[in-house]
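Peer 1: Take this structure first; my questions come after.
Please treat every number below as a calculation from the coordinates, not as lab data. Quick caveat: nothing in here was measured; it's all calculated off a predicted structure. As a convention, Cβ positions derive from the backbone with ideal geometry for all residues, glycine included, and neighbour counts pool all protein chains shown.
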Amino acid sequence: MKKYLCCILCVIMCLNITSCFRKEGEIVNYPLDLEPVALDPCKVADFSGLQIAVNVFEGLTEISKNGEILPAAAKSFSFSNDKKTVTFEIDPEAKWSNGESVSAKDFLFSIKRTISPDTNSPNAHMLYPILNAKEINQKNKDINSLGVKAEGQKLTITYTDAYPDILQMCSTIAYFPCNEEFFNKTQGKYGLEQDMLMGNGRYYLRKWVHGENMRLSLNEHHREYKKATVTNVLFSIGKEYADIALSLKKDLVSIAKVSENQANELRAEGYEVENFEDTTWGFYLNTEDEILKNKNIRKALFEAIEREGFLKINGNEMKEAKGIIPPSSKMGEVYYREKMPQGVISAFDYTVAQAALKTGRKELKYDDKKALKISLICSNDKETVSMLGYILQSWQKYLSVFVSLEPLEPEALAKRIQEKNFQMVYHYLRGEEEDPLSTLEIFTSNNQRNILNLSSFSFDALLDNCQKVSGDDKINKIKECEEFLYKERVFYPIAFETRHFAKASKSSIVLHGFEQPIIFK
């Protein structure tokens, strides 16, 4: 009898213990092209790092899949009468992955780190709307003049203007908190290893095998721990799949970028596939180059491109781009390109190009016998090389300028771009999110993604004015920014690319375009 009672008690205890644990939910397999350089939000500048960081941390607010602004680490917020100051009440249930409470001081410490010129953060420009932030970052004001204060659980942020998207800003990586005590314990290794990172998001970094894989698991201290559908996210690093569509069907990956043909086949089989026309391909011209620093030379190259017919070489997934901002860019439900379909490209006129070349040569003190040596780097895929060969013929035909083409493997191309080691490069342009300003911000003076090192006070001021208005006024201001970049001859749009993404049949992932990471829930 005692034996049976013991068995029954053991079963009851097991049932009670089991009920204390969360039931295993969806496991997502996500392929990363490259390993994150670092996971410190203050230092993250690559997409892989961003994809991890947005799930390990959360800001003051978050944006729902429908674009609604929701409370995150802050349970509430209130604005001053002039709409320039917002006070956030940090949620007492907001916890770090070790169970400690998140405080207003954690946000203040992180924002000060990011904006400090000593940190050299690639995300500092995201905080420029805050009072005195830009001046501090450029060493013109003291850090203590920053318009951010913490008192108890209240965080108060004062901005230079009544920006209409303040609450959206507060969801971005620049507003992720950092626990000062934990940060100091890492002794300069914060965000470089799995045990050197502590976040406040839905997940924590459970495993990091460098060069191979990473794993996120649910943060049991997060207020929405029991609501989450996805319990684990497995990231493979740099793994190549012979047939990505087949890997998707076998659940080896949960999401995949596929070709148009693969997209059509998967859609016919019942898989969810989404298309994003979120990428602009074009020429970046290095304005620090000995020859291309001359604006008239750049103008000559722009105006001598005979566009008719060249995109037919590049397949159906590309269509002619007459503007810089891609078609999927929108503000709310308003698509920018639908409002401004005409773009910025000048009508083809080789005589204008020839006149600009003549003026440019004279300004550079190049006589007619001295050849202009210009090189163009690009990816080594056949379609791109064929299409660019067509354009190179235009330059030779109308300008008698021979541009040498240097196709490169992806890693070599990325390295040359990072080092600014090029005269011209054919590469993509893609904003971090669907707002048109996100694409234009890449060209601002202090943006780490500004591969041209373009530094223009005039352009920065134009973009700043865009953030202060809305509706049709904002659309017209954005158009001014597009026209400015084209007239400066720094980026020449060639084609818009439609990217196709498919997800596994049982996956709950919400797909995004642009450089927008997936936030798992």
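Peer 1: What distance in nm lies between label points placed 7 Å from Cα along the C-beta direction at residue 47 and residue 242?
Peer 2: Rounded to a tenth, the inter-label distance reads 2.6 nm.
Peer 1: Additional query: Hey, got a sec? Which GluC sites (Glu not before Pro) in the range 61-98 land in a DSSP loop and have at most 12 other Cβ atoms within 10 Å?
Peer 2: The qualifying sites are 68.
Peer 1: Now for a different question. Which entries of 141/468; 226/249; 339/397; 43/415 have Cα-Cα distances beyond 26 Å here?
Peer 2: The answer is 226/249; 339/397.
Peer 1: Need the full-extension length gain, residue 411 to residue 165, defined as separation in residues times 0.36 nm minus the C-alpha distance. One decimal, nm.
Peer 2: Here the answer is 84.9 nm.
Peer 1: Here's another thing I want to ask about it. Given 0.36 nm per residue, what is the gain on full extension from residue 268 to residue 149 after removing their alpha carbon distance, in nm? Intermediate values should be presented prior to the final figure.
Peer 2: Details: separation 119, 0.36 × 119 = 42.84 nm, distance 5.48 nm.
Between residue 268 and residue 149, full extension yields 37.4 nm more.
Peer 1: Right, here's the next one. Round to the nearest 0.05 the FRET efficiency obtained for residue 227 and residue 207 when R0 = 30 Å and r is the Cβ-Cβ distance. Display every interim value, and only then the final one.
Peer 2: On the way: r = 24 Å, r/R0 = 0.79.
E(calc), rounded to 0.05, equals 0.80.
Peer 1: As a check on your grasp of the helix formula, calculate [θ] at 222 nm for the chain: sum -39500 (n - 2.57) over DSSP H runs of n ≥ 4, divide by the residue count, round to the nearest 500.
Peer 2: After summing the helix terms and dividing by residue count, I get -9000 deg cm²/dmol.
Peer 1: What percent does the relative contact order of the chain come to when contacts are Cα pairs within less than 8 Å and at least six residues apart?
Peer 2: 18 percent
Peer 1: For the range 34-197, what class follows from the C-alpha gyration tensor (a ≥ b ≥ c being the square roots of its eigenvalues): rounded when a/c is under 1.5, otherwise prolate if a/b is larger than b/c, else oblate?
Peer 2: rounded
Peer 1: Sorted from fewest to most neighbouring beta carbons within 10 Å, what does the list 387, 331 look like?
Peer 2: Neighbour counts put them in this order, fewest first: 331, 387.
Peer 1: Moving to a separate point now. Calculate the FRET efficiency for residue 65 and residue 396 from the Cβ-Cβ distance with a Förster distance of 35 Å, rounded to the nearest 0.05.
Peer 2: E between residue 65 and residue 396, to the nearest 0.05, is 0.10.
Peer 1: Take peptides 425-437, 219-231 and line them up by average Cβ neighbours within 10 Å, highest first, as a rough protection proxy. Intermediate results must be reported in sequence, preceding the final value.
Peer 2: Values: 425-437: 21.6, 219-231: 15.8.
For the peptides 425-437, 219-231, the packing ranking is 425-437, 219-231.
Peer 1: What is the set of long-range amide H partners of residue 279 at a cut-off below 5 Å, with H atoms built 1.01 Å from backbone N?
Peer 2: Those qualifying (amide H under 5 Å, at least 5 residues apart or on another chain) are 497.
Peer 1: Oh, and also: Would you mind putting 467-479, 361-373, 167-179 in packing order, based on average other-beta-carbon counts within 10 Å, highest first?
Peer 2: 167-179, 467-479, 361-373
Peer 1: Something else now. So how do 484, 235, 402 line up by other beta-carbon neighbours within 10 Å, fewest first?
Peer 2: Least crowded to most crowded, the residues run 402, 484, 235.
Peer 1: For the pair residue 141/residue 418, report the inter-label distance in nm, with labels modelled 7 Å from Cα in the Cβ direction.
Peer 2: Output for this residue pair reads 3.4 nm.
Peer 1: Taking R0 as 51 Å, what FRET efficiency do you get between residue 252 and residue 483 from their Cβ-Cβ distance, rounded to the nearest 0.05?
Peer 2: Once rounded, the FRET efficiency stands at 0.65.
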